[in-house]
Amino acid sequence: MCLNIKRIFSLLCTIVVCSTAFANVQNFGSFWLTGIFIGPFSNEYKQWKYYVEPRLILIDDRYGMDEAHIYSGAGYHITPNFTPYLGYAYFLSENTQGVISHENVLWQQFQWKLYHSKLFNVSNRSRLEQRKNTLYSDWATRLREQITLKIPFKNTKYSLSTFDEVFLNFNHPIWVSDKFFAENRAFLGIERQLSKAATFDIGYIDQVKFQRQNQKLFTHGLYLKLTVTQ
C-alpha cells in the first residue's frame, strides 16, 4: 500500500513537472489604469455620443510596460438600452522581450443593457477590431465579447462589479496569436457611484494570453477604472 502511494505521488510529480516544462508559461503582476468617457456632442443632438477610452497597463517584467492605448469614436443612442459606436484606436505595446509595436485600429462596438433591476444589472459589449501593425502588411481581425454583472449593495453607493471578456481571432497574421481563442480577462471588484454620471471601479484582474508556440502569458493585479457617462 505504501509502495503504491509512493508510485502514485512520483507519477503526479512527473506529470506536473512535464506539463510545466512544455507549457512555456510566463507569469507577471500587473497594474491597470482605465478611463471611459461618453457624452453628447451637443445639447441639441444628445443622441449622438462621443466615446473616449484611454488605458495604461504596467507589468513587473524588466521593461515595465505592457500596453497603452486610446480609443476614440462616435455612436448613436438608438434606445435607452442599445448604442452602436465606431471609431479609431491607437495601440502601443511592448512584449516580454522588449519589442515595441504600434497598431492602428478600426473598431465597431455594440453596447447593450441586457437586464436592469434593483437586485442586479447585466450588460454586454461586443467590439469588432481591424488591427494593422505598422511593421507588417496584413490586417488582423478579432472580436471582443465582454459580459458585465453589477450587484448593488442595499442603501449604499457601492456595488459588487465583475466582468469577463474573451478575445476571438478571425485570422492569424504572423504578429498575432495563432489561436482562435486568443485571450481572456476576468475582473472582480467594487464599484462606487461618485455622482449621477461617474463611477469608479477597483479590484482584481486576471488575464491569460494564448500565444504562438504554445506559450501562455498570465498577468494578475490591481485594476482601476473611472467611467463618466452623460
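The values are calculated or read from the model by the stated rules, or taken from the named source; none is laboratory data. As the structure is a computational prediction, the values presented were derived from the model and not from experiment. For neighbour counting, all protein chains shown are included, and Cβ atoms are generated from backbone atoms with ideal geometry for every residue, glycine included. When the accessible area is computed, the model is the full protein with side chains, heavy atoms only, and any ligands, DNA or RNA have been set aside. Shrake-Rupley method; radii C 1.70, N 1.55, O 1.52, S 1.80 Å.
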Please give the calculated 222 nm ellipticity per residue for the chain, where each DSSP H segment of at least 4 residues contributes -39500 (n - 2.57) and the sum is spread over every residue; nearest 500 deg cm²/dmol?
-3500 deg cm²/dmol
Toward the positive end of the charge dipole of the chain, about the Cα centre and with charges on Cβ (Lys, Arg +1; Asp, Glu -1), which of ILE190, LEU119, THR227 goes farthest?
LEU119
Among (i) 1.05; (ii) 0.98; (iii) 0.96, the value of Rg/Rh (Cα atoms, Kirkwood Rh) computed for this structure carries the label (i)
What dipole magnitude, in Debye to the nearest 20, does the chain give about its Cα centre under +1 on Lys/Arg Cβ and -1 on Asp/Glu Cβ?
680
DSSP-defined antiparallel bridges as percent of all bridges, the chain, nearest 5
90
Counting only pairs 8 or more places apart or on different chains, how many lysine pairs in the chain have C-alpha atoms closer than 24 Å?
29
Can you work out the accessible area per residue across the chain, with the rest of the protein chains kept in place, probe 1.4 Å, in square angstrom?
58
Spin-label proximity, ALA74 to the stretch 28-43 - amide N less than 19 Å from point 7 Å beyond Cα toward beta carbon:
37-43
Sorted by mean Cβ packing within 10 Å, highest first, what order do the peptides 37-45, 50-58 take?
50-58, 37-45
Given charges of +1 on the Cβ of Lys and Arg and -1 on the Cβ of Asp and Glu, with all other atoms neutral, how large is the dipole of the stretch 39-123 about its Cα centre, in debye to the nearest 20?
560
